[in-house]
Amino acid sequence: MVSTEMNGHGLPLGKEVADGLASPAGGELQAMLPAAGVETRLSRRRFAVLGVFSLYSLVNAFQWIQYSILASIFTGFYGVEYRDVDWLSLVYMLVYVPLILPASWLLDTRGLRLTALLGSGLNCLGAWLKCCSARPDLFPVTVLAQLLCSVAQVFILGLPSRVASVWFGPKEVSTACATAVLGNQFGTAIGFLLPPLLVPRSDDIDVTAHNISIMFYGTAAVSTVLFLLTIAVFKEKPQYPPSQSQAVLQSCAPEQYSYKQSIINLFKNVPFVLLLISYGILTGSFYSLSTLLNQMITFHYQGEEVNAGRIGLTLVIAGMVGSIICGVWLDYTKTYK
């Protein structure tokens with residue numbers, strides 16, 4: 001996800017503000033910086049905030065892929081077609097499109113804590129509802145549960161850059177953001193690996209129902225713990241701003257910010273539009289492959305659900321290594337382009 005914050009003039013605020021490097025407007029923005037006496041300090045809580053967010057983002061990603069990687073088993077268990085199970089993955093993408101702008105507006109106007117609680121809370125609720133769907137005649141219940149988890153995802157995927165910028169210092173932002181994104185990727189990796197091990201193929205439907213229940217209840221228990229930790233750990237912002245740019249943002253009056261204008265400015269920005277298109281193509285390809293991976297493997301190699309999961313795991317782990325390297329590289333070189 002890409003997040004850009006704007007000041008009252010519709011100009012982007014970020015590390016460039018602190019360095020006075022915002023091209024033609026650099027002088028104006030530098031003049032807006034608070035007096036030198038304003039204290040900036042890094043909060044120890046920032047690591048707890050990042051850790052809790054990364055973990056509940058992990059669980060949300062796990063819940064996204066847990067059906068698709070077991071598509072050959074869930075079709076038999078619920079007595080549905082492959083396309084019906086595919087929708088349990090596609091609903092994540094379908095819900096994201098209309099809800100991401102309202103969710104971004106909520107994040108900008110109501111703040112970080114409320115958005116984090118909505119993401120973690122809906123994720124927990126969806127996980128518990130899945131526990132009620134481990135019967136062959138309750139496929140509609142599992143659809144509803146997955147729908148709740150997909151709505152939770154909208155309040156999760158937009159947070160990494162905000163958590164990083166609000167809680168971390170200038171030299172930590174890119175690494176913190178990469179770590180937050182890494183949690184989601186790691187959840188997908190675990191979602192490829194664990195479900196085939198927890199729910200092995202069985203001709204006994206009662207055994208399959210028992211194994212599915214174990215997976216669902218385990219996920220719900222972890223989601224509940226993380227929701228409680230979110231309530232305890234997440235604050236709107238640290239007591240002291242971690243950087244000069246955050247001090248500028250926090251000193252701006254709310255009426256100076258225009259969400260509508262920030263969206264207009266983004267779509268007038270050609271590099272942003274190019275990034276949006278290229279990122280969309282890449283993630284669309286990955287999500288499609290992830291959704292259909294089980295079917296592609298088991299169509300030619302029946303009973304190989306575990307190996308299909310391992311293939312998916314390999315895909316994600318390779319990407320996670322790239323995320324870590326790029327995050328550290330950007331913090332030290334600033335060569336974003």
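So the values come out like this:
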read-out: Some residue of region 65-75 being open to solvent by 10 Å² or more (accessible area, probe 1.4 Å), touching a Lys or Arg at 6+ places or on another chain (Cβ under 9 Å) and not β-branched (Val, Ile, Thr); value: yes
read-out: Every pair of residues 6+ apart whose Cβ atoms lie under 9 Å, when the first sits in region 79-102 and is without any contact (Cβ under 8 Å) to a residue 24 or more places away in the chain while the second is part of a helix (DSSP H, G or I) and not polar (S, T, N, Q); value: VAL85/LEU70; VAL85/ALA71; VAL85/PHE74; VAL85/TYR78; PRO102/VAL154
read-out: Breaking point among (1) among the small types (Gly, Ala, Ser); (2) crowded, with 16+ Cβ neighbours inside 10 Å; (3) at pLDDT 90 or above, for GLY79; value: (2)
read-out: Which listed residue is of a type in the set (Ser, Thr, Tyr) and buried (at least 22 other Cβ atoms within 10 Å of the Cβ), from SER213, SER165; value: SER165
read-out: Single residue of LEU58, LEU90, LEU50 found to be among the aliphatic types (A, V, I, L, M) and either under 18 Å from LEU118 (Cβ atoms) or open to solvent by less than 10 Å² (accessible area, probe 1.4 Å) (or both); value: LEU58
read-out: All positions within region 205-236 that are within 21 Å of ARG110 (Cβ to Cβ) and among the polar types (S, T, N, Q); value: THR230
read-out: Members of region 88-110 found to be hydroxyl-bearing (Ser, Thr, Tyr) and modelled with pLDDT of 90 or more, listed by number; value: SER89, TYR92, TYR96
read-out: Flag for GLY280 being loosely packed, with under 13 Cβ neighbours inside 10 Å and modelled with pLDDT of 90 or more; value: yes
read-out: Selected residue (only one of SER251, SER223, SER245 is of a type outside the set (D, E, K, R), open to solvent by less than 40 Å² (accessible area, probe 1.4 Å) and at pLDDT below 75); value: SER245
read-out: Hey, LEU144 of a type outside the set (S, T, N, Q), at pLDDT 90 or above and assigned to a helix (DSSP H, G or I) or not; value: yes
read-out: Selected residue (only one of LEU107, LEU125 is in a helix (DSSP H, G or I) and touching a Lys or Arg at 6+ places or on another chain (Cβ under 8 Å)); value: LEU107
read-out: The lone exception for SER174 - which of (1) over 20 Å from SER89 (Cα atoms); (2) outside any helix (DSSP H, G or I) it fails; value: (2)
read-out: Residue check for SER133: part of a helix (DSSP H, G or I) and either open to solvent by 10 Å² or more (accessible area, probe 1.4 Å) or under 29 Å from TYR217 (Cα atoms) (or both); value: no
read-out: Where a residue in region 314-334 is farther than 12 Å from VAL181 by Cα and its partner, wherever it lies, is of a type in the set (Ser, Thr, Tyr) and open to solvent by 70 Å² or more (accessible area, probe 1.4 Å), with Cβ under 9 Å and at least six apart; value: TRP329/THR335; LEU330/TYR336
read-out: Residue count for region 305-337, restricted to those that are hydroxyl-bearing (Ser, Thr, Tyr) and open to solvent by 70 Å² or more (accessible area, probe 1.4 Å); value: 4
read-out: Any hit, region 38-45, residues being assigned to a loop (DSSP other than H, G, I, E, B), surrounded by 14 or more Cβ atoms within 10 Å (Cβ to Cβ) and modelled with pLDDT of 90 or more; value: no
read-out: Options LEU198, LEU193, LEU182, LEU228: the member that is out of contact with any Lys or Arg (no Cβ under 9 Å at 6 or more places or on another chain), open to solvent by 10 Å² or more (accessible area, probe 1.4 Å), in contact (Cβ under 8 Å) with a residue 24 or more places away in the chain and not hydroxyl-bearing (Ser, Thr, Tyr); value: LEU182
read-out: Test: residue in region 50-71 that is at pLDDT below 90 and β-branched (Val, Ile, Thr); value: no
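The values are calculated or read from the model by the stated rules, or taken from the named source; none is laboratory data. Bear in mind that the values here come from a model prediction, so they are computed numbers and not experimental data. Every residue, glycine as well, gets a Cβ built from its backbone with ideal geometry; the counts of neighbours run over all protein chains shown. Remember, those area values only see protein heavy atoms, side chains included, never the ligands or the DNA or RNA. Shrake-Rupley method; radii C 1.70, N 1.55, O 1.52, S 1.80 Å.
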